[in-house]
Ligand code: ADP
């Protein structure tokens with residue numbers, strides 16, 4: 001089973017992934033946790049290029065191609081083998097992030113991204129949790145972080161990204177939207193319930 005977590009910076013993805021990982025470990029289902037870009041030797045190099053601030057204009061299409069080179073490498077070397085082994089894979093962001101950040105945030109064609117995704121035969125999550133918070137709350141929560149290239153974007157940009165995520169959630173039954181202003185405990189209860197339900201269904 002493949003589960004992804006989506007949401008703007010500070011929405012609580014890492015917090016919830018940690019809790020889900022601990023819960024699944026206790027159940028004897030040690031999940032494989034991945035992050036993008038990265039997760040492979042080549043992908044980590046791409047991550048470095050992707051997140052390092054530069055004076056040069058970073059073309060949004062270059063961003064998409066870098067993300068997909070890392071994603072292809074991760075899918076081939078990590079995700080597909082783990083799923084084949086019957087493992088649970090948890091992704092801290094996946095393809096919906098490219099739609100939200102690069103299509104909605106930076107005007108790259110949604111069709112181009114969808115075609116690339118399909119032509120590269122990338123795995124698709126069975127379940128996606130979109131933790132929704134406002135750009136203002138995001139800013140407040142990550143104020144003490146040293147921001148990378150993406151985190152340095154404007155509130156207006158994060159508003160567009162948020163609407164991209166909301167569109168992804170509206171277009172897919174596999175996406176569960178969670179109100180990110182709720183408490184960490186309540187959010188995790190919802191996540192645990194959805195994952196347990198999906199696991200029980202897939203084991204029947
Ligand atoms: P992300 O991985 O999405 O960037 P984090 O899990 O790192 O987000 O959370 C960002 C910050 O917000 C952390 O300091 C975390 O403790 C806090 N946080 C996460 N979820 C909640 C929540 N539901 N309510 C209040 N604070 C939260």
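Quick note: the coordinates plus some simple rules give every number you see, no bench work behind them. Since this is a predicted model, take the numbers as computed values, not measurements. Backbone-built Cβ (ideal geometry, glycine too); neighbour counts: all protein chains shown.
Would you work out if the chain is rounded, prolate or oblate? Take a ≥ b ≥ c from the square roots of the eigenvalues of the alpha-carbon gyration tensor; rounded if a/c is under 1.5, else prolate when a/b is larger than b/c, oblate otherwise. Oblate shape, in that a/c is at least 1.5 and b/c is the bigger or equal ratio. Residue separation of residue 112 and residue 142 scaled by 0.36 nm, minus their Cα-Cα distance, works out to 7.6 nm of gained length. Residues of the stretch 170-204 falling in the label zone of residue 29, defined by backbone nitrogen less than 16 Å from a point 7 Å along Cα to beta-carbon, are 188-204. Let a ≥ b ≥ c be the square roots of the eigenvalues of the Cα gyration tensor of the stretch 39-117; is it rounded (a/c under 1.5), or, if not, prolate (a/b larger than b/c) or oblate? Oblate.
Shape class of the stretch 5-46 from the alpha-carbon gyration tensor: oblate, with a/c at 1.5 or above and b/c at least as large as a/b.
This ranking places 126, 119, 144 by how few other beta-carbon atoms lie within 10 Å of each, fewest first, which gives 144, 119, 126. Measuring nothing but alpha carbons in the stretch 119-204 and taking Rh as the Kirkwood radius, the Rg to Rh ratio lands at 1.03. Spatial offset of the stretch 127-204 relative to the stretch 20-73 amounts to 17 Å, using the alpha carbon center of each. For the stretch 2-203, averaging the sequence separation of C-alpha pairs within contact (under 8 Å, six or more residues apart) and dividing by the residue count gives a relative contact order of 33 percent.
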